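These notes are about the structure you will find just below.
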Amino acid sequence: MKLPAIVHKYSSPKNFYTMSGKMVPWFAWGFGLTLVFGLYYGFFIAPTDYQQGESYRIMFVHVPAAWMSMFIYMVMAVSGAVGLIWRIKTADLMASASAPIGAAFTFIALVTGSLWGKPMWGTYWVWDARLTSELILLFLYLGFIALQASIEDPRNAARAGAILAIVGVVNIPIIHYSVEWWSTLHQGATVSKMDKPSIHIDMLIPLLVMAVSFKLYYATSVLMRARGEILLREQNSRWVKEIVENEGKALVGGAK
Amino acid sequence: MIPSTSSAFIALIKRDLMLSYRHRNELLNPLLFFVIVVTLFPLGTSPEKQLLQTMAPGVIWVAALLAAMLSLDSLFKSDYEDGTLEQMMLSHHSNAVLVLAKIISHWLVTGVPIILMAPLLGLFMFMPIEGIKTLMLTLLLGTPILSLVGAIGMGLTLGLNRGGMLLSLLVLPLYIPVLIFSANAVDASLAGMDIKGQLYFLGALLVLSITLAPIATATALKISVE
Amino acid sequence: MSASEFFNMGGYAFYVWSSYGIATVLLAWVFISPIFSKKNIIKELRIKYRQQERQQQDRADSEQA
């Protein structure tokens, strides 16, 4: 299946670099504003939970982090697949740039969940389906990063990583539906696309705002990482040389 | 006369089996490892019957999993090193089909011995007959999955220097669902509960792996062989 | 919520603040490290380009001579 030529033209490294350069400041500001709003709302407007007291506020970082861990993995797998099938370099870059961010969110989800679990349910850890499959997700991210790090040629590293990411996609539905398939210690879903959520509106708003905030964080971060990597990989091309000259002068602060 | 893919498939299985037979001492290693690991548990924890019975399904399955991982080395390594693998990939036959042939013969000489050894180890761990039957059933469904999924990992790490460590990291997350469902099935059957659900899931994983793993492995091998 | 209530988090201070603390540290690090590495990349590429120019110059000079 061939892609229209326009896709290849717009996803060229140079166009990607230019476009992402314009988008990063917007994403960064968006992240900052939503973060401040979300945290303020979450700590000062959301009421105290009648069962869990103040500890439930961990939710505002735990749940969005868990959502991001799965979202980023899907982006990684899809862009890996795109790079594998249509040989688009920027897709490969998106996949490898996403991995450390996704791993960080997965780790945060596990740790914050553990810290929430201890006061609430008396245990830091339990081997139920959701926690175990989230842990497996962390291993998948780390395996992806390790695999790409051990292959020298970037093209081959991208292809190998893409295969691994695609194979691991099977884990995502397991994490997501685990709370429905097995009765576990972990809380069931309270936010679904169809029904009215079973959560207080003043708790729902900061939760959703934090989710958006983390997405903007991811957008900013992944583009920053990808841009650095593009400069390295395209270093022999003229447009990179021009950019290095311009930005290099600014860094050193004057003529050399 | 150009040989058909199905005759190439069968020829490849025959060839791999013959090569394995010539190196049959090496086949013993994963099997011995399997036995040793299971034996270490009563020695390292307690020889008390109750405890061992409770641990048995998980311990035997973990040992089988580790033995399967160890045995992956024999899957592509020697063919990769003497260039045969490259020749196979250059042939006009579909790479995925050839890979499936290699995986099948690999399973025949590594997975099947594990299945046959399991009852003895079940007895070591004081498992009742009912449990041993379920154990063998889960191994029958599970060990091919271990070979198939392990092949993907092997394909990805074939050309790398310290591929062994990376292989474990890559393959273990994918093995864990097999472990969980199999051990769970054996536990459930010991408690007298229905195990159809777990067996269906294992069957589904098996079918999924048989169809997709050869393709993923062939793609990975193409990268590694370059 | 008063300031002391905020810090105390109803007795759950350790759990809540450790969670947010770890998340902040990790996310900040993941955010900042590409900024620094891009600066390094540009610096190193500048040096590399200078070296390449010099090598080309040397080669051109020695061909003329």
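At a glance:
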{"quantity": "Options B:V112, B:V99; residue that is closer than 28 Å to B:L179 by Cα, out of contact with any strand residue (DSSP E or B) (no Cβ under 7 Å at 6 or more places or on another chain) and surrounded by fewer than 21 Cβ atoms within 10 Å (Cβ to Cβ)", "calculated": "B:V112"}
{"quantity": "Some residue of region A:45-56 being within 18 Å of A:L216 (Cβ to Cβ), within 12 Å of chain C (Cβ to nearest Cβ) and either in a helix (DSSP H, G or I) or of a type in the set (D, E, K, R) (or both)", "calculated": "no"}
{"quantity": "Number of positions in region A:209-249 that are of a type in the set (A, V, I, L, M) and either in contact with a Gly (Cβ under 9 Å, 6 or more places away or on another chain) or outside any helix (DSSP H, G or I) (or both)", "calculated": "7"}
{"quantity": "Test: A:F139 is under 30 Å from B:G163 (Cα atoms), in contact with a Pro (Cβ under 8 Å, 6 or more places away or on another chain) and either of a type in the set (A, V, I, L, M, F, W, C) or facing another protein chain (nearest Cβ under 7 Å) (or both)", "calculated": "yes"}
{"quantity": "Of all residues in region C:41-56 being more than 7 Å from every other protein chain (Cβ to nearest Cβ) and under 23 Å from the mean Cα position of the chain (by Cα), the one that is surrounded by the most Cβ atoms within 10 Å (Cβ to Cβ)", "calculated": "C:E44"}
{"quantity": "Selection within region A:227-247 - of a type in the set (A, V, I, L, M) and within 9 Å of chain C (Cβ to nearest Cβ)", "calculated": "A:L231, A:L232, A:V240, A:I243, A:V244"}
{"quantity": "Top-ranked residue in region A:121-136 [being surrounded by 15 or more Cβ atoms within 10 Å (Cβ to Cβ) and not in a helix (DSSP H, G or I); ranked as farthest from the other protein chains (Cβ to nearest Cβ)]", "calculated": "A:V126"}
{"quantity": "Looking only at region A:83-137, and only at residues there that are of a type in the set (G, A, S) and over 21 Å from the mean Cα position of the chain (by Cα), the one that is modelled with the highest pLDDT", "calculated": "A:G117"}
{"quantity": "Hits in region B:131-160 - residues which are of a type outside the set (S, T, Y), over 25 Å from B:V225 (Cα atoms) and in contact (Cβ under 8 Å) with a residue 60 or more places away in the chain", "calculated": "B:G131, B:L135, B:L137, B:L139, B:L141, B:G142"}
{"quantity": "Candidates A:F107, A:F60, filtered to the one that is within 12 Å of chain C (Cβ to nearest Cβ), part of a helix (DSSP H, G or I) and surrounded by 24 or more Cβ atoms within 10 Å (Cβ to Cβ)", "calculated": "A:F60"}
{"quantity": "Pick from region B:167-216, criterion of a type in the set (S, T, Y) and in contact with a Leu (Cβ under 8 Å, 6 or more places away or on another chain), ranking: surrounded by the most Cβ atoms within 10 Å (Cβ to Cβ)", "calculated": "B:S182"}
{"quantity": "Options B:M193, B:M154, B:M165, B:M136: the member that is part of a helix (DSSP H, G or I) and either at pLDDT below 90 or not aliphatic (A, V, I, L, M) (or both)", "calculated": "B:M165"}
{"quantity": "Residue within region A:28-36 that is out of contact with any His (no Cβ under 6 Å at 6 or more places or on another chain), surrounded by 21 or more Cβ atoms within 10 Å (Cβ to Cβ) and modelled with pLDDT of 95 or more present", "calculated": "yes"}
{"quantity": "Hits in region A:3-39 - residues which are free of Cβ contacts under 8 Å to residues at least 60 places away in the same chain and either in contact with a Leu (Cβ under 8 Å, 6 or more places away or on another chain) or not hydrophobic (A, V, I, L, M, F, W, C) (or both)", "calculated": "A:P4, A:K9, A:Y10, A:N15, A:T18, A:K22, A:P25, A:G32"}
{"quantity": "Total residues in region B:161-208, condition hydroxyl-bearing (S, T, Y) and without any contact (Cβ under 8 Å) to a residue 40 or more places away in the chain", "calculated": "1"}
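The values are calculated or read from the model by the stated rules, or taken from the named source; none is laboratory data. Bear in mind the structure is a predicted one, so any value in this text is a computation, not a measurement. Cβ atoms come from the backbone with ideal geometry, glycine included; neighbour counts cover every protein chain shown.
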